[in-house]
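**Student:** Take a look at the following structure, please.
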Amino acid sequence: MASSLFRAKTVEQSVRETREPGHRLRRDLSALDLVVFGVGVIIGTGIFVLTGRVAREYAGPAVAVSFAIAGIVCALAALCYAEFASTVPVAGSAYTFSYATLGELPAWIIGWDLILEMALGAAVVAVGWSGYFTSLLETLGIDLPPTFAGEDARFNIPAVCIVALVTFILVAGVKISSRVNGIMVLVKVAVVLLVIVAGAFSIKLANYRPFIPPAVSTEEVEGIRAPLVQLLFGMTPVAFGWLGVFSAVAIVFFAFIGFDVVATTAEEAHRPQRDLPIGILGSLGICTLLYVLVSLVVVGMQHYSDLSESAPLADAFRAVGQPFFAGLISVGAIFGLTTVVLILLLGQSRVFFAMSRDRLLPESLARVHPRFGTPARSTILMGTIVALLAGFIPLSALAELVNIGTLFAFVVVSLGVMVLRRTRPDLPRSFRTPWVPVVPILSVLACVFVMLNLPAETWIRFIIWMLLGSVIYFAYGRRHSRLARSSSPDGKSVI
């Protein structure tokens with residue numbers, strides 16, 4: 001039994017399966033498309049929402065340091081992703097990489113983990129989109145009933161509508177999705193640059209003092225809401241100070257999820273060996289720089305204790321008497337959050353598609369639409385699930401679950417690079433992670449450190465989710481997987 005749990009697909013087998021009739025995706029994406037996809041999904045909630053909350057509750061003006069540290073942690077993982085994505089150019093991202101190095105059970109765990117990351121992440125962002133959209137309508141004199149709009153709505157109609165819209169776009173074709181995304185990314189990057197330039201003229205140096213506020217005990221981080229590392233080592237739960245800065249890293253990490261989504265489009269890139277490393281590393285570098293600059297400007301415009309948690313950028317401009325810029329930022333936020341929902345659903349449908357093609361999930365979900373060349377069934381199914389989550393459940397409190405899922409995937413990919421270097425040194429690698437094993441080890445240590453700074457209750461929820469996934473694997477996936485059938489003499493499922 002143990003051997004069947006860690007049976008692995010060869011890289012050659014994974015690539016060969018991408019050419020099967022009915023399961024072949026179209027190669028429509030260039031390196032620029034991938035960079036734009038990465039920027040599109042990364043720039044969103046982090047800039048438009050999280051900056052205010054994290055500065056107020058955890059780090060003060062040093063939120064810029066938290067963004068920089070999170071960017072460095074992601075960069076270490078991105079170097080590992082770039083090697084894997086160019087070496088194994090197959091849809092599925094970390095799931096596919098794990099199948100080729102660690103075996104079927106670890107691959108299932110990562111695939112299940114990515115479902116948590118992308119589906120829940122898309123639902124969280126859709127709820128945030130609803131808030132900005134409702135606010136914009138209010139400025140136009142249109143008030144939506146709170147029962148049907150906003151995070152506390154019984155049924156969040158705007159959130160459901162935006163998920164339905166992007167699902168339709170994704171089914172229509174990845175090139176169309178790329179063009180729509182490109183237009184919206186252009187708008188929101190212009191808004192971000194506007195924030196940096198216009199806001200710089202309203203900075204008050206006094207707002208930066210103290211840059212790292214002294215640590216204080218707070219109810220926000222008591223009990224199981226405290227970072228796990230503080231509980232493990234008997235530290236007094238605090239906000240601010242350096243412990244607050246590190247706790248903030250674990251939260252703003254949500255702002256960086258997405259560069260790994262670029263890897264899920266490996267089968268749809270023109271030249272994956274060249275385009276994927278450019279897309280992954282290029283988008284991450286651009287977004288890290290923008291995050292640091294924007295956070296420095298915002299905390300300089302308005303004292304961190306006065307920042308809004310729901311719309312910090314727009315409200316900061318209102319506070320300094322520039323409502324025109326505040327309105328533009330609200331429009332940019334709507335565009336920005338739309339692209340995040342779109343690309344998270346894109347990545348999620350590709351992971352689901354890859355798992356179904358391997359028959360760990362029903363194979364019928366891996367059928368490609370004969371006209372559009374997209375995994376339409378997987379896309380529609382995941383779009384429906386995300387729409388229901390966004391419509392019925394206020395998910396902002398669960399955003400940390402997305403972070404821990406992402407970090408766990410980063411750990412596995414970093415380990416996988418070292419494993420594949422040892423087991424398959426003969427594979428052609430158009431991009432090689434530098435200083436192996438130093439960079440992968442640093443990536444693992446950095447990701448684990450950030451995970452330990454997440455609240456203990458997030459770990460509890462994550463463990464429950466993983467246990468549920470294990471039940472599904474042993475009840476269905478292990479017996480129906482493609483490798484299980486191929487290992488049986490009669491081609492039937494084996495236990």
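**Student:** On a 0 to 90° scale, report how tilted helix 63-87 is relative to the longest principal axis of the chain, with both axes built from alpha carbons and the result rounded to the nearest 10.
**Tutor:** 20 degrees
**Student:** Relative contact order for the chain: what is it in percent, counting Cα pairs under 8 Å that are at least 6 residues apart?
**Tutor:** Values: 952 pairs, mean separation 161.7, N = 495.
Reported as a whole number, the value is 33 percent.
**Student:** Where does each of Arg371, Arg424 land when they are ranked from fewest to most other beta-carbon atoms within 10 angstrom? Display every interim value, and only then the final one.
**Tutor:** On the way: Arg371 9, Arg424 15.
Neighbour counts put them in this order, fewest first: Arg371, Arg424.
**Student:** Continuing with this model, one more query. As an exercise, take the mean of 1/r over every pair of distinct alpha carbons in region 108-173, invert it, and state the Kirkwood radius in angstroms.
**Tutor:** Working: mean 1/r = 0.0764 Å⁻¹.
After inverting the mean inverse Cα-Cα distance, the result is 13.1 Å.
**Student:** Relative to the first principal axis of the alpha-carbon coordinates of the chain, what is the inclination of helix 121-139, with its axis defined by its Cα atoms, in degrees from 0 to 90 and to the nearest 10?
**Tutor:** On a 0 to 90 degree scale, this one is about 30.
**Student:** For the pair Ile142/Ile183, report the inter-label distance in nm, with labels modelled 7 Å from Cα in the Cβ direction.
**Tutor:** The modelled label-to-label distance comes out at 1.8 nm.
**Student:** Please give the per residue volume of the convex hull enclosing the alpha carbon atoms of region 357-468, rounded to a whole number of Å³.
**Tutor:** For region 357-468, the hull spanned by Cα atoms encloses 177 Å³ per residue.
**Student:** So what's the angle, to the nearest 10 degrees on a 0 to 90 scale, between helix 399-423 and the longest Cα principal axis of the chain?
**Tutor:** Rounded to the nearest ten degrees, it is 40.
**Student:** Go ahead and run the numbers for FRET between Ser470 and Phe233, Cβ-Cβ distance against an R0 of 25 Å, rounding to 0.05. Mind showing how you got there, number by number?
**Tutor:** On the way: r = 29 Å, r/R0 = 1.18.
After rounding to 0.05, the efficiency reads 0.25.
**Student:** Further, regarding this structure: Provide the packing ranking of 63-72, 284-293, i.e. peptides ordered by the mean count of other C-beta atoms within 10 Å per residue, highest first. Present the calculation step by step, with values, prior to reporting the outcome.
**Tutor:** Working: 63-72: 23.4, 284-293: 20.6.
Taking the mean over residues of other Cβ atoms within 10 Å, the ranking is 63-72, 284-293.
**Student:** Right, something else. Based solely on its DSSP helices, what 222 nm [θ] is calculated for the chain when runs of n ≥ 4 H residues each add -39,500 (n - 2.57) and the sum is averaged over all residues, nearest 500 deg cm²/dmol? Can you show the working numbers first?
**Tutor:** Details: 21 runs with 308 residues, N = 495.
My calculation for the chain gives -20500 deg cm²/dmol from helical runs alone.
**Student:** In sequence order, what are the phi-derived ³J(HN,Hα) couplings for region 460-475 according to the Karplus relation 6.51 cos²θ - 1.76 cosθ + 1.60 with θ = phi - 60°, rounded to whole Hz, with x for glycine and proline?
**Tutor:** My calculation for region 460-475 gives 4, 5, 5, 4, 4, 4, 5, 5, 4, x, 5, 4, 5, 4, 6, 7 Hz in order.
**Student:** Can you run phi through the Karplus equation (6.51, -1.76, 1.60; θ = phi - 60°) for region 431-438 and list ³J(HN,Hα) in whole Hz, with x for Gly and Pro?
**Tutor:** After applying 6.51 cos²θ - 1.76 cosθ + 1.60, I find 10, 10, 4, x, 6, 6, x, 4 Hz.
**Student:** Please express the shape of region 277-349 as an equivalent ellipsoid: the semi-axes are the square roots of 5 times the eigenvalues of the C-alpha gyration tensor, given largest first in whole angstrom.
**Tutor:** Working: eigenvalues 147, 51, 21 Å².
Semi-axes from the Cα gyration tensor: 27, 16, 10 Å.
**Student:** So if I average 1/r over every pair of distinct C-alpha atoms in the chain and take the inverse, what Kirkwood radius in Å does that give?
**Tutor:** Working: mean 1/r = 0.0440 Å⁻¹.
Taking every pair of different Cα atoms in the chain, averaging 1/r and inverting gives 22.7 Å.
**Student:** Would you mind classifying region 44-153 by shape? Square roots of the alpha carbon gyration tensor eigenvalues, ordered a ≥ b ≥ c; an a/c under 1.5 is rounded, otherwise it is prolate if a/b is larger than b/c and oblate if not.
**Tutor:** Values: a/c = 3.04, a/b = 1.69, b/c = 1.80.
It comes out oblate by the Cα gyration axes.
Rule-based calculations on the coordinates, nothing more; no lab input. Please read all numbers here as calculations on a predicted model, not as lab measurements. Cβ sites come from the backbone with ideal geometry, for glycine too, and all protein chains shown count toward neighbours.
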